[in-house]
Structures are given as structure tokens and as C-alpha cells.
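Student: Quick one: this structure, given as C-alpha cells, is what I'll be asking you about.
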Amino acid sequence: MIFLNKVNTTVAKHSLEKAAEWLMKSEEAPLSSEEQAQLEQWQAASPDNTRAWLRAQRLMGQVETLPKDIAAAVLNRPDNEARRVAIGKLALLLAAGPVIWGSYKTVETQQWTADYRTAKGEVQDITLPDGSLVKLNTATAFDMNFDRHSRLITLREGEIRLQAASVNANEFGPLRIQTHEGTLSPHGSLLTIRQCEGTTQLAAVKGDVHVAPRLATATDDKVIQSGYQAQLSSYALLSSQLITPETNAWIDRMLAANKMPLKEFAQEVSRYRHGFLRVSPDVENLMVSGSFPTSNTDTILTMLTHTYPIKATQHLGGYWVTLEAV
């Protein structure tokens, strides 16, 4: 059984999956009279079926259209495996509830209206007009505004590596990177920036970086020296230490962990994985170490279960996975 939002009722997993299947069918083409009768018959068969279909209708009323990857599956008439995965994702959305739908819509809008973006699990390399090179990590979005007076990169979400180009001052102004927490002004050639929830993580790989927290006074500005990484809030620099191998492992499409609690590790894996990855409280403090390929999160789960006394229990076609003790 899966808990729903706001109220203490539950809806059976099979009802959510069937509602997702009917929703996909109705998106592919208008239901025939016979199909409409079958849908009504299915709804009347149990209260869970009724609640699941009401949830499906509310989902469509709030997000207005299917998520892009599911919509593509509808248009492309996928094979049975691809269709099963799409139905699993829809069922997961139905289980998540309206609060998650609203967040999903906001993230979708934020990401897909950005100048540059990557989907979850995607990594991309781009060249900016000034010749600077940017690598975008999973689920990343940023805007760019370059002219003779300034070169501004606004990181909306995600993580980038920036290799700054040497430019003619008559063509381009100084380079700045803006995050939710402040403005970064690199005086070197290579840095990585990650937009986290409430903080910005920065690694000055080559060259110093001047940091100006958004709500701090000018006297609180800091310089992060080359070879150091830092975390800042909107008010101040929170920490600074030498760059560790784990920090930029993502550039090689790896997730590196050194005695990281399983709960935190699962959150990192979720950045690359579609669906919901839950950790049972009895194993959430299990320490994880090693290097894992972000290009295939199923491989990560297999490595975990072969190395540690845990198992991965899958629901909703693999979109809902729980890590728990063996």
C-alpha cells in the first residue's frame, strides 16, 4: 500500500498502475464508447480504483500535459517495455500527490525555459560565444547574457564545470557566475559550481574565485584560493577546505563516496535516476565508500546490494525502489 498526501487514506499499488494505464490510453487517442464503459466499470469495481482515477484526473488538471518523456512515449507508440516504464512513472506521480506535482511543474518550467539545460541523467559539453567551455551535469539549467560590458552566467539549478577562455576586453566584459546565494568572479581558468538547496558549492580548480554572498555587506566578500572548495549561503561563507577527489568525480561520470551515509548517498544517486529512491531508517546510517558509474543507476544499486547487507526492493516498474536491510 502507498500513502497519499494530506489525508490518511491509502490506494493500492495495482489501482494506481491501472489508472496510469488508462490515463496513457486516453492520451493516445479518445476512448471509444466500449473503452469508456470499461473504464467506468473498472472505477466502480472498488473504492481504490475510484480514488486512483480521481487522482489521475487531478494530475492532468494541475500539470496540464504529461511529462515530456512520457508524452514522447505516447507519440512514439513504444514497445511493451518502454510503455511499462512510462506507466510506472505515471503511477509514481499519482502516488506522490499534488504537492509533488506542483514542484514537478515548477522544475520542468524552470529547466526547459533556460538557455542551456540537461535532463536527468544527461551530461553535455557546450562552447560559449567567448570560447569558454562548459560541462553540464545531470538536471542542470543556466542562462547566459554576454556583451561588451559583462559576461554573466546564471545557474538556475544543477552543476557545471567552467573552463574560462582568455578574451579581448574590447569584445567581452568580466566573467561572473550568479547563483541563488551570490555572485562568483573567477580570476582563474577552471572551476566547478553546484547549486544546492540553500547553498552554493564551489571548487576553484585553477585560479582564485572572488565570492560575494547576495545578502552580505561588501566587507564580507571572500576569495577562495586555487585548490580549495567552499560552501556559501546568501549571507556568508560557510566552509572552505582542500578539494577532494569526490568533489569533481562527476566530470568522469562517476559518483565517488568516502564513508558517506547511505541516506545521503541515495540522495546523490537520485540526481541521476528517474523515480523515487527510499532508504529504510534501519540502514540509512550505513557508511558507503567507492566509485560508482552515474551513467547506469541500476548498476549502482547492484553494486550496493553486492557489497553491503542491503537489498533493493522495486515497485511500480522500478520507479519506486526501497533500500532496506537483508
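The values are calculated or read from the model by the stated rules, or taken from the named source; none is laboratory data. Treat the numbers as computed from the prediction; the structure is a model and nothing was measured. Neighbour counts are summed over all protein chains in view; Cβ atoms, including those assigned to glycine, are modelled from backbone coordinates with ideal geometry.
Student: Can you tell me which residues in segment 182-196 are outside any strand (DSSP E or B) and of a type outside the set (A, V, I, L, M, F, W, C)? Give the steps one after another, and end with the answer.
Tutor: We begin by selecting, within segment 182-196, every residue outside any strand (DSSP E or B); these are 187-189, 196.
H187, G188, S189 - these are the residues of segment 182-196 that are outside any strand (DSSP E or B) and of a type outside the set (A, V, I, L, M, F, W, C).
Student: Specify which of the listed residues (D208, D221) is at negative phi, among the acidic types (D, E), out of contact with any His (no Cβ under 6 Å at 6 or more places or on another chain) and free of Cβ contacts under 8 Å to residues at least 60 places away in the same chain. Spell out how you get there, then give the answer.
Tutor: Details: D208 fails: out of contact with any His (no Cβ under 6 Å at 6 or more places or on another chain).
Answer to the check: D221.
Student: Let me ask something else about it. Go through (1) more than 19 Å from E157 (Cβ to Cβ); (2) not assigned by TED's automatic domain parsing to the domain that holds L175 for E268 and report which single condition fails.
Tutor: (1)
Student: Being more than 23 Å from the chain's Cα centre (by Cα) and among the basic types (K, R) narrows it down to one residue among R156, R194, R161, R214; which is it?
Tutor: Numbers: R156 fails: more than 23 Å from the chain's Cα centre (by Cα); R194 fails: more than 23 Å from the chain's Cα centre (by Cα); R161 fails: more than 23 Å from the chain's Cα centre (by Cα).
From the options R156, R194, R161, R214, the qualifying one is R214.
Student: Output the residue which, of all residues in segment 251-262 that are closer than 16 Å to E122 by Cβ and in contact (Cβ under 8 Å) with a residue 12 or more places away in the chain, is surrounded by the most Cβ atoms within 10 Å (Cβ to Cβ).
Tutor: That would be L255.
Student: Taking segment 14-33 as the region of interest, how many residues are surrounded by 18 or more Cβ atoms within 10 Å (Cβ to Cβ) and of a type in the set (G, A, S)?
Tutor: Looking only at that region, the number is 3.
Student: Okay, moving on. In segment 282-326, which residue that is assigned to a loop (DSSP other than H, G, I, E, B) and under 21 Å from the mean Cα position of the chain (by Cα) is surrounded by the fewest Cβ atoms within 10 Å (Cβ to Cβ)? Even if it seems obvious, please write down each step before you answer.
Tutor: Let us first name the residues in segment 282-326 that are assigned to a loop (DSSP other than H, G, I, E, B), namely 282-286, 294-296, 308-309, 319, 326.
After this cut, where a residue has to be under 21 Å from the mean Cα position of the chain (by Cα) as well, the list is 284, 294-296, 319.
On the way: E284: 16, T294: 22, S295: 12, N296: 14, Y319: 22.
Here the answer is S295.
Each row is one residue, and each column tells you yes or no for (1) touching a residue at least 40 places away in the same chain (Cβ under 8 Å); (2) small (G, A, S).
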residue: E264; (1), (2): no, no
residue: R271; (1), (2): yes, no
residue: H274; (1), (2): yes, no
residue: L301; (1), (2): no, no
residue: H315; (1), (2): yes, no
residue: W320; (1), (2): yes, no
residue: A325; (1), (2): yes, yes
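Student: Within segment 134-144, track down each residue that is of a type in the set (A, V, I, L, M) and under 26 Å from R273 (Cα atoms).
Tutor: Selection gives V134, L136, A139, A141.
Student: Being under 30 Å from N296 (Cβ atoms) and out of contact with any helix residue (DSSP H, G or I) (no Cβ under 8 Å at 6 or more places or on another chain) narrows it down to one of Q231, Q225, Q241, Q178, so name that one. Give the derivation first.
Tutor: Numbers: Q225 fails: under 30 Å from N296 (Cβ atoms); Q241 fails: under 30 Å from N296 (Cβ atoms); Q178 fails: under 30 Å from N296 (Cβ atoms).
Just a single option satisfies the conditions, and that option is Q231.
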